[in-house]
Every structure is written in structure tokens, then in C-alpha cells.
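Heads up: the structure comes next, in C-alpha cells.
Every number here is computed from the coordinates shown, using simple stated rules; none is lab data. These numbers were taken from a predicted model, which means no experiment stands behind them. Neighbour counts are summed over all protein chains in view; Cβ atoms, including those assigned to glycine, are modelled from backbone coordinates with ideal geometry.
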């Protein structure tokens, strides 16, 4: 199996960047276009969890925008073959010293690259980063 073929990493980097843009501008429908449309799609958030695309869409539409100034660091894209990838990244906001963490599992489907599982965490105040 080929791991981290440059052209596949570049494809995933492009869809991840488009996802992040939709997240920052708070476009729920665009955000959800990056998730696999199915009951098996799972997202664990900071204080929430959704199972299934429809559940996540309803949750996403009810959410306020992210705080301004979100930045990413330590983004790592690892691909396995041509159709499977894991993306991990850290995020922070200007007025918060805590560093959040995010991971996504991406799969190439007939409709394109889609997230099938996502996890977001943010340490509690005072927790080590």
C-alpha cells in the first residue's frame, strides 16, 4: 500500500482547506457537503455528539459561528492508498490559551472525498495542552 502519495495528500489538503473555510464562515450546508450522507457518519464534538448526517445537519444549523481568529497548527495529512486519509490538526483562538484538537477520517467515494468520522476536543481550563 502506498502511504502519503504526494498527489493524494494534495487532494485531501485541498478539500480539508475548503472544509475549514466553510467552518470559519459558518456555512452549515457547505460544511455538511464534506460529510458522507449516511446514518453511519459520526461526529464527536466538545460537548456534543451526532450520529448520522441528518442529525449532524440539524445540530450544525443551530450552532453559532466560531469565535473570530481561529488558526490551525500541526496539521498532518496521512493517506493510505488513493482512497483513505486521516487529517489531524490543532486549533486555537486569539483570546484562549488552550489548544483544541481535531481529527477527521476521509474516504474517497463516487461523489468525492467525504468525512466519515470526526472528533473535536478542547482541554478544560487549566488542563495541560
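Annotations for the structure displayed:
- Centre-to-centre separation between the Cα atoms of the stretch 27-57 and those of the stretch 73-97: 18 Å.
- Under conditions of 25 °C and 0.890 mPa s, the chain yields 161 µm² s⁻¹ as its translational diffusion coefficient, taking Rh as the Kirkwood radius over Cα pairs in the Stokes-Einstein equation.
- Every helix of 4 or more DSSP H residues in the chain counts as -39500 (n - 2.57), and over all residues that averages to -7500 deg cm²/dmol at 222 nm.
- Ordering of 107-114, 66-73 by packing [mean C-beta count within 10 Å, highest first]: 107-114, 66-73
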